[in-house]
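These notes concern the structure reproduced below.
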Amino acid sequence: MKKTVIINVVGLTPSLLGENTPFLSSWAATGQMVPIKKVLPAVTCSVQATYLTGKWPDKHGIVANGWYFRDECEVKFWRQSNKLVQAPKVWEIAKSIDPTFTCANLFWWYNMYSSVDYAITPRPMYPADGRKLPDIYTHPSDVRSQIQSDLGNFPLFDFWGPKTTISSSQWIANSAKWIEERYSPTLSLVYLPHLDYCLQKFGNNQTQIQADLQEIDAVCGDLIKYFEARNTQVIILSEYGITPVSKAVDLNRVLRENGLIAVREELGRELLDFGASIAFAVADHQIAHVYVNDPAYIPKVRSLLEATAGVAQVLDEEGKQAYHLDHPRSGELVAIAQSDAWFTYY
């Protein structure tokens with residue numbers, strides 16, 4: 001099998017290639033650019049699971065970045081165990097063909113307790129005094145101390161959120177080289193999130209994200225040249241594009257106004273009580289899984305959602321089948337936002 005590296009540059013779309021991405025633009029021109037069949041929802045965990053299994057969400061079970069765990073009556077996002085992915089992964093299929101095949105997963109999601117040969121993923125420490133300390137989880141476990149000794153601590157607080165900087169993507173790129181030089185895996189999966197938050201803040205206005213585009217272009221250029229010098233095939237892909245929206249849609253407020261939401265007060269603040277609610281929405285950008293604990297209310301909930309401004313479509317059982325979201329983890333209904341709207345969790 002040919003050595004391959006797949007670099008996931010989050011948020012990168014053809015419209016962003018240009019004068020601010022000189023290396024990626026020229027590199028793309030020497031190969032081919034292929035459109036990707038759309039996945040619903042177009043969010044990190046669902047799309048990555050589809051890439052890595054070749055299956056739709058109704059088969060691999062990753063219906064969003066998080067969902068309602070019915071047996072625990074809790075909503076949980078950003079779980080990390082690979083056991084949640086319910087279909088064989090590409091590296092497992094490859095190993096069945098060639099037992100010498102090896103794979104490194106560098107920050108793609110569901111990267112704990114996986115069957116990959118080498119893994120690095122964010123895993124903060126949470127001491128009892130309430131602190132959150134940057135750290136990573138690795139397999140083999142001794143990579144954790146060795147790589148942070150060589151590269152410095154993983155810059156967790158520059159990884160996601162308003163404070164994000166190029167340093168986290170640079171660290172991940174350096175970790176890919178570190179793993180390559182010691183283990184030379186057949187397949188390396190590399191996740192570079194840098195564009196995600198600047199696009200969320202400013203949209204795809206290239207004037208405002210000029211520096212960010214130049215920074216990720218430099219990181220990608222260095223990494224591509226490094227791997228191509230080692231006779232490795234390079235694939236660049238993304239999970240989604242980000243486009244402007246003009247209105248926020250508060251589905252849970254609509255459900256509450258109609259007596260379907262239960263809340264509990266803690267220290268003067270309200271928390272949604274999932275298990276006690278008749279229906280509630282788990283919002284994830286432009287999709288929301290709507291769980292209806294009492295099936296008798298499904299028609300009423302659907303009518304309320306369809307009448308809500310900003311909702312483009314509400315999928316029932318038949319609709320979920322058509323969009324490959326017919327899975328027990330999905331809500332009884334799935335709301336899809338209009339192209340210029342997004343769903344809040346409020």
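What to note about this one:
- In the set (1) open to solvent by 20 Å² or more (accessible area, probe 1.4 Å); (2) outside any loop (DSSP other than H, G, I, E, B); (3) over 30 Å from Leu305 (Cα atoms), the condition left unmet by Arg264 is number (3).
- Count of the range 170-200 residues, restricted to those that are of a type outside the set (A, V, I, L, M, F, W, C) and touching a Cys at 6+ places or on another chain (Cβ under 9 Å), is 3.
- Residues (among the aliphatic types (A, V, I, L, M) and closer than 13 Å to Leu260 by Cβ) located in the range 290-320: Val290, Val292, Ala296, Ile298, Val301, Leu304, Leu305
- Scope the range 226-260; condition open to solvent by 50 Å² or more (accessible area, probe 1.4 Å) and either touching a residue at least 24 places away in the same chain (Cβ under 8 Å) or in contact with a helix residue (DSSP H, G or I) (Cβ under 7 Å, 6 or more places away or on another chain) (or both); matching residues: Arg230, Asn231, Gln233, Ile235, Thr243, Pro244, Val245, Ser246, Lys247, Ala248, Arg253, Asn258
- So Ala104, is it more than 16 Å from the chain's Cα centre (by Cα), surrounded by fewer than 23 Cβ atoms within 10 Å (Cβ to Cβ) and modelled with pLDDT of 95 or more: no
- Scan the range 198-217 for residues that are part of a loop (DSSP other than H, G, I, E, B) and crowded, with 16+ Cβ neighbours inside 10 Å and the total you get is 3.
- When the range 288-327 is filtered for residues that are buried (at least 22 other Cβ atoms within 10 Å of the Cβ) and of a type in the set (D, E, K, R), only Lys320 remains.
- Selected residue (only one of Pro99, Pro162 is at pLDDT below 95 and either assigned to a loop (DSSP other than H, G, I, E, B) or open to solvent by 70 Å² or more (accessible area, probe 1.4 Å) (or both)): Pro162
- Selection status of Ser115, open to solvent by 40 Å² or more (accessible area, probe 1.4 Å), touching an Asp or Glu at 6+ places or on another chain (Cβ under 8 Å) and of a type outside the set (A, V, I, L, M): yes
- Some residue of the range 93-116 being in contact with a His (Cβ under 6 Å, 6 or more places away or on another chain) and not acidic (Asp, Glu): no
- Considered as a group, the residues in the range 172-192 that are touching a Lys or Arg at 6+ places or on another chain (Cβ under 9 Å) and among the hydroxyl-bearing types (Ser, Thr, Tyr) include one that is most open to solvent (accessible area, probe 1.4 Å), and that residue is Ser184.
- Helices (runs of 4 or more DSSP H) contained entirely in the range 1-94, each with at least 1 residues that are within 30 Å of Thr207 (Cβ to Cβ) and among the aromatic types (Phe, Trp, Tyr): 22-30
- The residues in the range 65-92 that are open to solvent by less than 30 Å² (accessible area, probe 1.4 Å), farther than 15 Å from Phe274 by Cβ and either under 13 Å from the mean Cα position of the chain (by Cα) or not hydrophobic (A, V, I, L, M, F, W, C) (or both) can be counted, and the count is 4.
- Subset of the range 4-54 that is over 16 Å from the mean Cα position of the chain (by Cα) and charged (D, E, K, R) - its residue that is surrounded by the fewest Cβ atoms within 10 Å (Cβ to Cβ): Lys37
- Subset of the range 147-159 (residues that are of a type outside the set (Phe, Trp, Tyr), assigned to a helix (DSSP H, G or I) and open to solvent by 10 Å² or more (accessible area, probe 1.4 Å)): Gln148, Ser149, Asp150, Leu151, Leu156, Asp158
- Some residue of the range 323-330 being farther than 28 Å from Thr50 by Cβ and not in a strand (DSSP E or B): no
- Some residue of the range 268-287 being part of a helix (DSSP H, G or I), at pLDDT 95 or above and either exposed (fewer than 14 other Cβ atoms within 10 Å of the Cβ) or in contact with a helix residue (DSSP H, G or I) (Cβ under 7 Å, 6 or more places away or on another chain) (or both): no
The values are calculated or read from the model by the stated rules, or taken from the named source; none is laboratory data. Everything numeric here is computed off the predicted structure, so don't read it as measured data. Reconstructed Cβ throughout: ideal geometry from the backbone, glycine too, with neighbour counts over all protein chains shown. These accessible areas exclude ligands, DNA and RNA; they are computed on the full protein's heavy atoms, side chains included. Shrake-Rupley method; radii C 1.70, N 1.55, O 1.52, S 1.80 Å.
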